[in-house]
């Protein structure tokens, strides 16, 4: 059992915009979806989901006050208030059951720690998209490479109920 009060350190490295778009495309995010992003960064995932993919709702969960403040400012500037949300909290403790698409750019060991929570809370058919880091022991539905001009990024798509 994972100790939910433990918060692993995940460095903040912004996901390039091109990768964010491909992550949401591979997940087939659309008007009926609720997107959850684990760790807000600067909010680009939830903003892009709301603005470009017109999802019903996008929520990011962030423990760092500075990142949370930046995300809230960016949501306001992007005119997606009411569709994009930033919540202060530890994603190990947050209720993720509303998500139909879940995005993350964490580390492999953090993904490993999240597996039981994801399996317990997410409904079959929920699309999980992981930037750069796989979920060991799960079978991805698709793995794509995204060139951003500087490097090649890997994006993994998992579908709950079809991941084993």
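Structure notes:
- Comparison of 102, 118 shows that the only residue that is part of a helix (DSSP H, G or I) and in contact (Cβ under 8 Å) with a residue 40 or more places away in the chain is 118.
- Of all residues in the stretch 129-143 being crowded, with 16+ Cβ neighbours inside 10 Å and touching a residue at least 40 places away in the same chain (Cβ under 8 Å), the one that is farthest from residue 33 (Cα to Cα): 131
- Among residues that are modelled with pLDDT under 95 and part of a helix (DSSP H, G or I), residue 150 is not included.
- Contact annotation: residue pairs with Cβ atoms under 7 Å, 6 or more positions apart or on different chains, pairing a residue in the stretch 59-85 that is touching a residue at least 24 places away in the same chain (Cβ under 8 Å) and at negative phi with a partner that is loosely packed, with under 13 Cβ neighbours inside 10 Å and in a strand (DSSP E or B), are 75/81.
- Candidates 129, 143, 101: the one that is at pLDDT 95 or above, over 13 Å from the mean Cα position of the chain (by Cα) and closer than 24 Å to residue 156 by Cα is 143.
- Taking the numbered list (1) modelled with pLDDT of 95 or more; (2) surrounded by fewer than 22 Cβ atoms within 10 Å (Cβ to Cβ); (3) within 22 Å of residue 163 (Cα to Cα) in turn, residue 108 passes all entries but (1).
The values are calculated or read from the model by the stated rules, or taken from the named source; none is laboratory data. Quick caveat: nothing in here was measured; it's all calculated off a predicted structure. Heads up, the Cβs are rebuilt from the backbone with ideal geometry, glycines too, and the neighbour counts pull from every protein chain shown.
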